[in-house]
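Below is one structure, written out as structure tokens, with a few remarks after it.
Readers should treat all values here as calculations from the given coordinates under stated rules, not as data from a laboratory. All values reported here derive from a predicted model rather than from experimental measurement. For neighbour counting, all protein chains shown are included, and Cβ atoms are generated from backbone atoms with ideal geometry for every residue, glycine included.
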Amino acid sequence: MPELSNPDWPEAIATVTSCRYDAGVGRAMAFGLPTSRHFRITYNYWAAGELHTAEFSSDKAVPQNTLFPIRYNPEAPHLNTHAASATSPRSAILVIGIIGSVLLSLAWFLLLRGCH
């Protein structure tokens, strides 16, 4: 699996192409956990002679045509320091917690069902 970030990666300038409000449709699995990221920011950048498009979540709106620096993996230019594809540790912990909760609920259900 490629590294998610390296200070030696080349730098590129990204341009915001769109900023749209995310109403939370995809956050149904959060079970009511608050999130501060409400905007989906789409951006372009040139790397290895090609134009790449990516997006990330932000708690603040970023105006179209805003420029910002990123670093990209020279071996896989579609991977960069702002890409939303990287799973945060908080997301991994949430998934593990949900799976654990479901397994414990099933075990409790089986235990109660077997007592009759």
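Taking amide H positions as placed 1.01 Å from N in the peptide plane, with prolines and chain starts having none, which residues 5 or more places from Ala14, or on another chain, fall under 5 Å of its amide H?
Under 5 Å from the amide H of Ala14 lie the amide H atoms of Phe68, Ile70, each far enough along the sequence or on another chain.
Give me the one-decimal nm value for the distance between modelled label points at Ser105 and Ala48, 7 Å along each residue's Cα-to-Cβ direction.
The answer from the label model is 4.3 nm.
Pop the C-beta distance of Val95 and Arg40 into the FRET formula with R0 = 22 Å and round what comes out to the nearest 0.05.
Values: r = 21 Å, r/R0 = 0.95.
Efficiency, rounded to the nearest 0.05: 0.60.
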